[in-house]
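S.K.: Can you read through this structure? Questions will come right after.
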Amino acid sequence: ANAPMIGKLQAAGKDVEARVVRMVMEDLAPAINKEAGALLSAEEKVAAAKVLREAKGSEVGKMVDDLQAAGVKGDVRKFADEERARVVEKLKDRVNPDVDAAVKKMDDWYSGLKERTDGSPKQLWQTKHDLGESINWKNADRSDIYNELKKDLYFGLDREIQRLGAESGEKMGAEFAARWVNTNAEYRAADWLNKATGKGIERSTSNRNFGLSEQLGTVAGAVLGGGGLGGMAI
């Protein structure tokens, strides 16, 4: 992982950091049928992290099915209006033809949300997946405004699904709501670890990079209350 990835993890909070530490110490090696704590090559870390991420994602998917069965739904019109307003606020000081063109293209997504989903968890999940498939995730160029706005909507859909789960106590019970929070935190940790190990393979000579053992020391220090890289922005 590189320094920005460490910053993203610390921005996710102490709980997710602690889960990453636990996954590295206890879950990573067993994911590829090795003993916990076994030394892994960079390639093995990538493979193990991918297995963990898929397993944790599958657990979230099962809970989305439970939400669907319970009839939990979001207000798609309200959600679309809020996302539009968010974009207007974000781009209010960046008025130019490129911005206008990107916003018009995004409006097809906002307007089409009501046709794509009725607000049910599974349809929101599928819409998020479809949108994700159209995003160039490797493109870090923020001047590609349309791509960046699609990312914003993708994470907005994710927040809406998270909200439905967190507010499901009335229909699903407090136990489900607690499991939802825990399962999604586990997925966030596994997703970060998957990306971080991938960064280890893609080491760049232009940035300072951390080995996994050094990275773990930094994260563990933060979890235990050390300064670490806590001041880094996400």
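S.K.: Place a +1 charge on the Cβ of each Lys and Arg in segment 80-198 and a -1 charge on the Cβ of each Asp and Glu, then give the dipole magnitude about the Cα centre in debye, rounded to the nearest 20.
M.R.: For this selection, approximately 200 debye.
S.K.: For segment 15-107, run through the GluC sites (Glu not before Pro) and keep only the ones in DSSP coil with at most 12 other Cβ atoms within 10 Å of their Cβ.
M.R.: Counting only loop positions with at most 12 other Cβ atoms within 10 Å, the GluC sites (Glu not before Pro) in segment 15-107 are GLU35.
S.K.: Now a separate question. What is the gain in length, in nm to one decimal, between ALA42 and PHE155 on full extension, counting 0.36 nm per residue of separation less the C-alpha to C-alpha distance?
M.R.: Going from the current span to full extension adds 37.8 nm.
S.K.: Pop a pseudo-label 7 angstrom from the Cα along the beta-carbon direction at both ALA55 and ALA178 and give the gap in nm to one decimal.
M.R.: Rounded to a tenth, the inter-label distance reads 2.3 nm.
S.K.: How long is the gain from ASP93 to ASP66 if the chain were fully straight, where each residue apart is worth 0.36 nm and the alpha carbon distance is subtracted?
M.R.: 5.5 nm
S.K.: With each pseudo-label sitting 7 Å past Cα toward Cβ, what's the ASP15-ASP81 distance in nm, one decimal?
M.R.: 3.1
S.K.: Using a Förster distance of 25 Å, how high is the FRET efficiency between ARG163 and LYS104, based on the Cβ-Cβ distance and rounded to 0.05?
M.R.: 0.35
S.K.: Classify segment 19-163: rounded, prolate or oblate, from the alpha-carbon gyration tensor (a ≥ b ≥ c, eigenvalue square roots; a/c under 1.5 rounded; otherwise prolate if a/b is larger than b/c)?
M.R.: Because a/c hits 1.5 or more and a/b fails to exceed b/c, segment 19-163 counts as oblate.
S.K.: In nanometres, what is the gap between the two model label sites at GLU35 and GLU115, each 7 Å from Cα along Cα-to-Cβ?
M.R.: Using points 7 Å along Cα→Cβ, the separation is 5.9 nm.
Coordinate-derived values only; no laboratory data. From a predicted model like this one, the values you see are computed outputs, not experimental measurements. Glycine gets a Cβ as well: all are built from the backbone with ideal geometry, and neighbour counts include every protein chain shown.
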